[in-house]
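Q: Take a look at the following structure, please.
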Amino acid sequence: MFAVQADGCEVTTVESLGSINKLHPLQQAFWEEHGLQCGFCTPGMLMVAIELLSKNPNPTEDEIREAISGNLCRCTGYQNIVKSIASAAKKMRAVTEAAA
Ligand code: FES
């Protein structure tokens with residue numbers, strides 16, 4: 001979208017997820033599952049995944065692939081990105097369940 005189309009909207013960027021000393025579970029999962037290579041697509045993948053997991057904490061592989069279908073990755077072949085998001089979903093559900 002063009003920036004002007006976001007006028008008046010709240011914009012959340014990848015910088016809001018975690019820090020170098022305390023990665024967000026999604027960032028940790030990308031690290032552990034090798035969900036990136038050059039990293040060019042990674043901010044977009046992370047933000048799409050956050051949106052998906054906020055609405056669907058237990059997505060199927062097909063749902064993950066559908067969610068990221070608008071983001072292109074020239075490096076990974078997507079397999080490890082999908083694995084990373086599935087792993088993050090599991091980690092985030094465990095945190096939610098432990099807090100309940
Ligand atoms: S990791 Fe290089 S474009 Fe996705």
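Q: Stretch Q79-E10 to full length: gain in nm at 0.36 nm per residue minus the Cα-Cα span? Don't skip to the end; give the middle numbers.
A: Working: separation 69, 0.36 × 69 = 24.84 nm, distance 3.10 nm.
Going from the current span to full extension adds 21.7 nm.
Q: Related question: If the viscosity is 1.567 mPa s and the temperature 4 °C, what translational diffusion coefficient in µm²/s does Stokes-Einstein give for segment 23-99 when Rh comes from Kirkwood over Cα pairs?
A: Roughly 107 µm²/s, to the nearest whole number.
Q: Show me 66-72, 9-15 ranked by packing, highest mean number of other Cβ atoms within 10 Å first.
A: Highest to lowest by the protection proxy: 66-72, 9-15.
Q: Are there cysteines in the chain with no second cysteine's Cβ under 4.7 Å away, and if so, which?
A: C9, C38, C75
Q: For the ranges 43-56, 80-93, what's the packing order if you count other beta-carbon atoms within 10 Å of each residue, average per peptide, and put the highest first?
A: Taking the mean over residues of other Cβ atoms within 10 Å, the ranking is 80-93, 43-56.
Q: Rank C41, S16, S87 by how far each Cα sits towards the positive end of the charge dipole of the chain (+1 on Lys, Arg Cβ; -1 on Asp, Glu Cβ) and give me just the farthest.
A: S87
Since every read-out is calculated from the coordinates, none of them should be taken as a lab result. Because the structure is predicted, anything quoted here is derived from the model rather than measured. All Cβ positions, glycine included, derive from the backbone under ideal geometry; neighbour counts span all protein chains shown.
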